[in-house]
Amino acid sequence: MPIAEKSKVTRKQLIDGLNDDLSREYQAIISYVNYSQVLKGAAYMNIADELAVHAKEELTHALKIDNHVDYLGGMPSVTPKSVKTSDKAEDMLKFDLANEKETIRQYRRRVRQADELNEFAIAESLRGILVEEQDHLIALATALGVDPPDAGIAD
Ligand SMILES: [Fe+2]
Ligand SMILES: [Fe+2]
């Protein structure tokens, strides 16, 4: 094997990565529940309704990721990543956009890791979640009047 070849991902690394993803899902649930209710201004009412839909989708993601961590033999995280607050609608949408970008970046890596460990069912599940995260990213970018940013892929 060439020396330059990247070392193989371990099951432990996949569990740790998924637990980090789970903490991001909890963060997303809390921020979408909060922002969907406190967002003010006629211009933002459509997106406020959309954020309430996102909140429910993030809960579905959390349940799936929790299930994967448990199946892999890990203890699922119960800790959300921190949630920022603001009284400005634009700030809230920007926080969400940045979080969705990071979430996509991480799930892209997680799909690769799951594939590498032959955990194809988990990879398939993560791909389904990724489709919805990209929809979230697009909805937020559209509401902010910007192009959806390229999330790239985590190291
Ligand atoms: Fe999610
Ligand atoms: Fe999302």
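The values are calculated or read from the model by the stated rules, or taken from the named source; none is laboratory data. Not measured: the values here are computed from a predicted model. In this analysis, Cβ positions are derived from the backbone assuming ideal geometry, glycine residues included, and neighbour counts consider all displayed protein chains. Each accessible area value is taken on the protein alone, full model and side chains, heavy atoms only, with ligands, DNA and RNA left out. Shrake-Rupley method; radii C 1.70, N 1.55, O 1.52, S 1.80 Å.
Which of the following residues is in contact with a Phe, Trp or Tyr (Cβ under 6 Å, 6 or more places away or on another chain) and hydrophobic (A, V, I, L, M, F, W, C): Leu130, Leu59?
On the way: Leu59 fails: in contact with a Phe, Trp or Tyr (Cβ under 6 Å, 6 or more places away or on another chain).
Only one candidate passes the filter, namely Leu130.
Out of all the residues in segment 25-40, which are open to solvent by 30 Å² or more (accessible area, probe 1.4 Å) and either farther than 30 Å from Leu72 by Cα or at pLDDT below 95 (or both)? Talk me through it step by step, then tell me what you get.
Initial filter on segment 25-40 (open to solvent by 30 Å² or more (accessible area, probe 1.4 Å)): 26, 29-30, 33-34, 37-38, 40.
Of everything in segment 25-40, those that are open to solvent by 30 Å² or more (accessible area, probe 1.4 Å) and either farther than 30 Å from Leu72 by Cα or at pLDDT below 95 (or both) turn out to be Asn34, Gln37, Val38, Lys40.
From the list Tyr32, Tyr44, which residue is in contact (Cβ under 8 Å) with a residue 60 or more places away in the chain, in a helix (DSSP H, G or I) and within 16 Å of the chain's Cα centre (by Cα)?
Matching residue, one of Tyr32, Tyr44: Tyr32.
Got a number for residues in segment 88-108 being closer than 19 Å to Glu132 by Cβ and not β-branched (Val, Ile, Thr)? Break it down into steps so the answer makes sense when it comes.
We begin by selecting, within segment 88-108, every residue closer than 19 Å to Glu132 by Cβ; these are 93, 95-108.
Restricting the remaining residues to those that are not β-branched (Val, Ile, Thr) gives 93, 95-102, 105-108.
Of the residues in that region, 13 qualify.
Could you check, for segment 10-24, whether at least one of its residues is more than 13 Å from ligand 1 (Cβ to nearest atom) and within 13 Å of the chain's Cα centre (by Cα)? It would help to see each step written out before you state the result.
Going residue by residue through segment 10-24, those that are more than 13 Å from ligand 1 (Cβ to nearest atom) are 10-17, 19.
Among the residues that remain, those that are also within 13 Å of the chain's Cα centre (by Cα) are: 17, 19.
Checked against the condition, which is being more than 13 Å from ligand 1 (Cβ to nearest atom) and within 13 Å of the chain's Cα centre (by Cα), segment 10-24 yields at least one hit.
Exactly one of (1) buried (at least 21 other Cβ atoms within 10 Å of the Cβ); (2) within 12 Å of ligand 2 (Cβ to nearest atom); (3) of a type outside the set (Ser, Thr, Tyr) is unmet by Lys101. Its number?
(1)
Between Leu51, Leu14, Leu22, which is touching a residue at least 24 places away in the same chain (Cβ under 8 Å), away from ligand 2 (no atom under 16 Å from the Cβ) and buried (at least 19 other Cβ atoms within 10 Å of the Cβ)?
Just a single option satisfies the conditions, and that option is Leu14.
Return the residue satisfying two criteria in turn: it lies in segment 105-147 and is surrounded by 16 or more Cβ atoms within 10 Å (Cβ to Cβ) and assigned to a loop (DSSP other than H, G, I, E, B), and of such residues it is nearest to ligand 1 (Cβ to nearest atom).
Glu119
Confirm whether Ala43 is surrounded by fewer than 16 Cβ atoms within 10 Å (Cβ to Cβ), closer than 21 Å to Gly145 by Cβ and of a type in the set (A, V, I, L, M).
Working: surrounded by fewer than 16 Cβ atoms within 10 Å (Cβ to Cβ): yes; closer than 21 Å to Gly145 by Cβ: yes; of a type in the set (A, V, I, L, M): yes.
So Ala43 passes the test.
Quick check on my filter: what residues within segment 56-80 are surrounded by fewer than 18 Cβ atoms within 10 Å (Cβ to Cβ), assigned to a helix (DSSP H, G or I) and among the aliphatic types (A, V, I, L, M)?
Leu59, Leu63
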